[in-house]
1. Amide H of C194 versus every other amide H placed in the peptide plane: which residues, excluding those fewer than 5 positions away on the same chain, fall under 5 Å?
2. Which residue, L86, V218, Q101, has the largest displacement toward the positive end of the dipole of the chain when charges sit on each Cβ (Lys, Arg +1; Asp, Glu -1)?
3. What figure in square angstrom, to the nearest 10, would you give for the accessible area of Y12 with a 1.4 Å probe?
4. What does the extension gain come out to for D204 and S28, with contour length at 0.36 nm per residue minus their alpha carbon separation?
5. Using Cα pairs under 8 angstrom and six or more residues apart, how large is the relative contact order of the chain, in percent?
6. Hey, what angle do you get for helix 136-160 against the long axis of the chain, alpha-carbon based, 0 to 90 degrees rounded to 10?
7. Of the cross-linked pairs K5/K209; K19/K52; K19/K90; K5/K25; K66/K90, which ones have a Cα-Cα span greater than 26 Å in the structure shown?
8. For E60 and R173, calculate 0.36 nm times their separation in residues minus their Cα-Cα distance, and state this gained length in nm to one decimal.
Amino acid sequence: MAVTKEQILEAYQFRHACKAFDPAKKISDEDFNFLLETGRLSPSSFGFEPWKFVVVQNMELRERLKPVSWGAQGQLPTASHFVIVLARTKGDLLPDSAFIQHMMREVHQMPEEVVGRFQEIYRNFQDNEFKLNEHDRLFFEWACRQAYIAIGNMMTAAALIGIDSCPVEGFDRAAVEEILTDAGVLKGNLSIACMVAFGYRAEDPGRPKSRQAMEDVVEWVR
Ligand SMILES: Cc1cc2nc3c(=O)[nH]c(=O)nc-3n(C[C@H](O)[C@H](O)[C@H](O)COP(=O)(O)O)c2cc1C
């Protein structure tokens, strides 16, 4: 193994919710593309990758987002790269939607008879097993859960190469969506899952990590 367990845990200790980045330090294109690749390669239910990563490098747009993003006051103006993570909504997640058909046929190159069977398994999952059809919003929430796996992977990968990050849910979703729609960034069957900022810390976090004890979060059934 190229990386030791100690090094991996060190990266987990290094990663913290970075409140402000050094605005003078930029992540190289090579490193940022590596982070995007870890997001792109992340697992997704049925392999449908129901996400999109919008990298907002336009400082004017970041300025517009700041008043409606209380959780990113320090991050929006200073992050080397600021990502808005979008997740697909119902219109793109129904079995016969253009997006799902594209994923099965073009991306996964499924033969016709497999498409038919796969689609039925997927429909049964949505309708009967996970009952996403009980509320339109459940489709989007399901996509969000998967998008969070991708950003988790991106933040861990960042920490492993010494890059700081901060996940952000501190924003008014409707207000941010209005701004992004107006800017032409948000269109189609997509909505905002969360945001994540990347860069290099301006200063070290003041305090060590606080976490529940292992026995309080793990239960063994033997
Ligand atoms: C989904 C999610 C949303 C979060 N939103 C914000 C946020 O808006 N602003 C912020 O500064 N930190 C945010 N955080 C960071 C958490 O506060 C932080 O991860 C937690 O307190 C543990 O601290 P640590 O990450 O530094 O170990 C968020 C974390 C997660 C997972």
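The values are calculated or read from the model by the stated rules, or taken from the named source; none is laboratory data. Predicted model, so just to flag it, every value in this text is computed and none were measured. Positions of Cβ are backbone-derived with ideal geometry, glycine not excepted, and every protein chain shown enters the neighbour counts. Side chains included, ligands, DNA and RNA excluded: accessible areas come from the protein's heavy atoms. Shrake-Rupley method; radii C 1.70, N 1.55, O 1.52, S 1.80 Å.
1. Answer set, sorted by chain and number: V85.
2. Highest projection toward the positive end goes to V218.
3. 120
4. Values: separation 176, 0.36 × 176 = 63.36 nm, distance 2.13 nm.
Difference between extended and current length: 61.2 nm.
5. 35
6. The answer is roughly 40 degrees.
7. Values: K5/K209 19 Å; K19/K52 24 Å; K19/K90 34 Å; K5/K25 29 Å; K66/K90 29 Å.
Violating the 26 Å limit, Cα to Cα: K19/K90; K5/K25; K66/K90.
8. Working: separation 113, 0.36 × 113 = 40.68 nm, distance 1.88 nm.
Separation in residues times 0.36 nm, less the Cα-Cα distance, equals 38.8 nm.
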